[in-house]
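Read-outs throughout are calculated quantities, based only on the coordinates presented, and are distinct from any laboratory measurement. Since this is a predicted model, take the numbers as computed values, not measurements. Using ideal geometry, Cβ is built from the backbone for each residue, glycine included, and neighbour counts are taken over all protein chains shown.
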Amino acid sequence: MPEAWYPFFEWCEGTFLGSAVRESIYAFPLIEAVHLVALCVIGGAIIVVDLRMLGFGMKDQRIAELANHVRPWLVGGLVVMLSTGVLLFLGEAVKCFYNTAFWVKILTLPVALVFTFAVKGRLLDGLETGTRSRLLGSASLVLWLVVAAAGRWIGYS
Amino acid sequence: MIAGILEWVGTTKWSVMLLESYYVWPLLESTHVVTLAFFVGTALMMDLRLVGIAFPGVPVTAFTGRLLPWTRFAFALMVATGLLLFYSSPLRYYNNIFFRLKIVLLLAAGLNIWLFHSRIHLEVEEWENDLRPPRAARIAGLVSIIVWTGVVFSGRLVAYNWFECEIQPQPGWVNFLAGCDAVGEEAMLEP
């Protein structure tokens, strides 16, 4: 399957935005820094809720209440994360194609997104701390941990 | 003198092993980044509550009581991994202008935290449920957001140091702020 995608990656790198990111010595690092700040916002929004689902942290609040409070920050963080992520990708798409960490990240990310909004997000109403909440919280933490760590690992190969 | 000590530290066995390791260094750095998202992330959530733009109806003490131990735990891991990363290449970081900026911002963040907990937070019971906390608390939250964002930015740019001492000529103020002279002198002493 991957080989068939190669022309697409090559095309991405040749786009106007891809060349622009590559040609400036400042663009890539600065976009990366914004990407990292957005990671913190997403991390905070995810961890506050997941810790609570595991039975830790802000135990005096309901799980659903916390999830509602973090939602705008989570969505906002993801918008910034995805836009800066696309720019970084366009700047070095061919390198990414040959990068295992990139594939781990890009395949885990949709799973994490679907899990967060379509699975976890739908089971929050009236959810109390218990086996179900603990499973959901751990799965969420593991998925996002893989996305974040694999993301950092793209830079090492 | 500091440069001399750090140069020696960089030649110790464990420092060299760390810098040359194929997996340990990247593992340390990814742990640093993951704990950063944990620490700065949870701290930002608290700051947003202090500023009064998030978590309406959640008392501030839910953050400073229930959540803070976790924030501190992540901070401890972040500092530990950060120190080890510094230990792998001390002189290079010492002469890195972004690293120096990061340390200054970390000190500013520490001062802000100390001011918040030693003053404003002492009377937290009086305002913990306020949607809009008192001015001093809102300022502490805003300062925290700005300073930690700065720490993340400068931390990321440490790896892209455009002002490396070896890349000369640099403007005088850059060499001054990065302490490049010491390196320059030492480099000249070598045959």
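Counting every other Cβ atom within 10 Å of each residue's Cβ, B:VAL158, A:VAL37, A:VAL142 order from fewest to most as A:VAL142, B:VAL158, A:VAL37.
Which lysines, on any chain, are close to A:LYS95 with Cα under 18 Å apart, when same-chain ones fewer than 8 places away are left out? Leaving aside lysines fewer than 8 places away in the same chain, those within reach of A:LYS95 are A:LYS105. Among B:THR12, B:THR42, B:THR71, the order by Cβ neighbours within 10 angstrom, fewest to most, reads B:THR12, B:THR71, B:THR42. Using the Cβ-Cβ distance between A:GLU65 and B:ALA76 with R0 set to 35 Å, the FRET efficiency from 1/(1 + (r/R0)^6) comes to roughly 0.75.
Considering only C-alpha atoms, what is the centroid distance from region A:16-74 to region A:117-157, in Å? Distance between centres, Cα-based: 13 Å.
In units of the compact-protein estimate 2.2 N^0.38 Å, chain B shows a Cα radius of gyration of 1.23. In a reduced charge model with +1 at each Lys and Arg Cβ and -1 at each Asp and Glu Cβ, the protein assembly as shown shows a dipole moment near 1120 debye about its Cα centre. The value obtained for the protein assembly as shown, namely the Cα convex hull volume divided by the number of residues, is 167 Å³ per residue.
Starting from the Cα of B:ASP181, step 7 Å along the direction of its Cβ; do the same at A:GLU3; then give the gap between the two resulting points in nm. Result for the modelled spin labels: 6.2 nm.
Normalised radius of gyration (Cα atoms, divided by 2.2 N^0.38 Å) for region B:1-107: 1.35. With unit charges on the beta carbon (Lys/Arg positive, Asp/Glu negative), name the residue among B:LEU101, A:PRO72, B:CYS180 whose Cα is farthest towards the positive pole of the charge dipole of the protein assembly as shown. The residue sitting most towards the positive pole is A:PRO72. Dipole of the protein assembly as shown computed with +1 at Lys/Arg Cβ and -1 at Asp/Glu Cβ about the Cα centre; of B:TRP14, B:ILE146, A:TRP153, farthest Cα towards the positive end is B:ILE146.
Max-minus-min Cα coordinates of region A:62-120 on each principal axis give 45, 20, 13 Å, with the largest extent listed first.
Taking amide H as placed 1.01 Å from N in the peptide plane, B:GLY10 has its amide H under 5 Å from the amide H of B:LEU91, each at least 5 places away in sequence or on another chain.
Can you tell me the orientation of helix B:180-189 relative to chain B, as the angle in degrees between its alpha-carbon axis and the longest Cα principal axis, to the nearest 10? That helix lies at roughly 20 degrees to the long axis.
With +1 on the Cβ of every Lys and Arg and -1 on the Cβ of every Asp and Glu, and nothing else charged, how large is the dipole of region A:3-150 about its Cα centre, in debye rounded to the nearest 20? Don't skip to the answer; put the middle values down first.
Numbers: 11 positive and 11 negative charges, 111 e Å.
Dipole size: approximately 540 debye.
Using only alpha carbon positions, build the gyration tensor of region A:3-150, then give the equivalent ellipsoid semi-axes as the square roots of 5 times its eigenvalues, largest first, whole angstrom.
Working: eigenvalues 232, 52, 25 Å².
Over the Cα atoms of region A:3-150, the ellipsoid semi-axes are 34, 16, 11 Å.
Farthest towards the positive end of the charge dipole of chain A, among the residues A:CYS40, A:THR84, A:ALA27, is the Cα of A:CYS40, using unit charges on the Cβ of Lys, Arg, Asp and Glu.
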